[in-house]
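Novice: One structure, as structure tokens, below. Some questions next.
Readers should treat all values here as calculations from the given coordinates under stated rules, not as data from a laboratory. Computed from a predicted structure; not experimentally measured. Positions of Cβ are generated from backbone atoms using ideal geometry, with glycine treated the same way; all protein chains shown enter the neighbour counts.
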């Protein structure tokens, strides 16, 4: 596969469930990102990893827990979510470590519905 | 952080050239201007990036006047498949990703 892939593409979970979103990039990039996009709202940057270290955390609730085991994989662990967490969760990667406005490549997203 | 202002929506017809203007009055010296395109339920896709004057690639052109307080994304001969939301972002390429703020963007609708 090429580019940035995300699994699952769709997820429905109850508020007491624990689930994980997975992102994989096949571009040899050094930085990876999680974004949230709620209906009719702009994208919100959640987390940034550079060379497997978290460098940004935009005041995201602790019920979202990221993990970056290596530069190609990024996970978002979810637990005790709220209905307002229903959104499209997007993963992205870029060449430059340390973030910045370099070109970012986005995955197709995971459509999450919390019931 | 440089704030950007774009029209909320634009309509065009197939085959026309579309110009979307973005205002960024407080752009900093080190800031670049980047445009992304997003289709429904998909991640944004990088279109073009520039610093000054004009940049052209196979998809679009980006015009930046000398004062850099605005920029115009030009899409030549649009088709129905160009219907999407277009985002203008301004920031330092070496800066924090926190500045990578996607605003509301411009919803472009191409009509037959």
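Novice: For region B:5-112, give the share of DSSP beta bridges that are antiparallel, in percent and rounded to the nearest 5; count only bridges with both residues there.
Specialist: Percent antiparallel among DSSP bridges in region B:5-112 is about 85.
Novice: Continuing with this model, one more query. Relative contact order for chain A: what percent, with Cα pairs under 8 Å and sequence separation of 6 or more? Spell out each step's value before the answer.
Specialist: Working: 299 pairs, mean separation 41.7, N = 115.
Once divided by the residue count of chain A, the mean separation gives 36 percent.
Novice: Per residue, how much space in cubic angstrom lies within the convex hull of the C-alpha atoms of chain B?
Specialist: Values: hull volume 10.6 nm³, N = 112.
Considering the Cα atoms of chain B, their hull volume per residue is 94 Å³.
Novice: Expected output is a single nm value to one decimal: the length gained when fully extending between residue A:77 and residue A:39, i.e. 0.36 nm times separation in residues minus the C-alpha distance. What is it? Display every interim value, and only then the final one.
Specialist: Numbers: separation 38, 0.36 × 38 = 13.68 nm, distance 2.14 nm.
Between residue A:77 and residue A:39, full extension yields an extra 11.5 nm.
Novice: Explain nothing, just the number: relative contact order of region B:1-49, from Cα pairs under 8 Å at least 6 residues apart, as a whole percent.
Specialist: Working: 46 pairs, mean separation 15.5, N = 49.
It rounds to 32 percent for region B:1-49.
Novice: Give the average, rounded to an integer, of partner chain Cβ atoms located within 10 angstrom of each Cβ in A:33-43. Mind showing how you got there, number by number?
Specialist: Details: counts 2, 0, 4, 0, 5, 0, 0, 1, 2, 7, 10.
For peptide A:33-43, the averaged partner shielding equals 3.
Novice: Let me ask something additional. Within the protein assembly as shown, what percent of beta bridges assigned by DSSP are antiparallel, to the nearest 5? List each step's numbers first, then the result.
Specialist: Numbers: 69 of 78 bridges.
So the antiparallel bridges in the protein assembly as shown amount to around 90 percent.
Novice: Taking Cα atoms of chain A, Rg/Rh with Kirkwood Rh, to two decimals? Numbers along the way, then the final one.
Specialist: Numbers: Rg = 13.2 Å, Rh = 14.0 Å.
Looking at chain A, the ratio lands at 0.94.
Novice: While we're here: If I model the protein assembly as shown as equal point scatterers sitting on the Cα atoms and use the Debye formula, what is log10 I(q)/I(0) at q = 0.14, 0.17 Å⁻¹?
Specialist: Log-scaled intensity ratios, in q order: -0.88, -1.22.
Novice: If packing is taken as the mean number of other Cβ atoms within 10 Å per residue, what is the order of A:22-34, B:54-66, highest first?
Specialist: Working: A:22-34: 20.2, B:54-66: 14.2.
Highest to lowest by the protection proxy: A:22-34, B:54-66.
Novice: Another question, then. If each residue's Cβ is checked for other Cβ atoms within 10 Å, how do B:74, B:81, A:50 rank with the fewest at the top?
Specialist: Numbers: B:74 16, B:81 9, A:50 21.
By the 10 Å Cβ count, ascending: B:81, B:74, A:50.
Novice: I've got another one for you. Under the 0.36 nm per residue contour assumption, what length would be gained going from the current alpha-carbon distance of residue B:8 and residue B:104 to full extension? Kindly include the intermediate steps, with their values, before the conclusion.
Specialist: Numbers: separation 96, 0.36 × 96 = 34.56 nm, distance 0.73 nm.
The residue B:8-residue B:104 span can extend by a further 33.8 nm.
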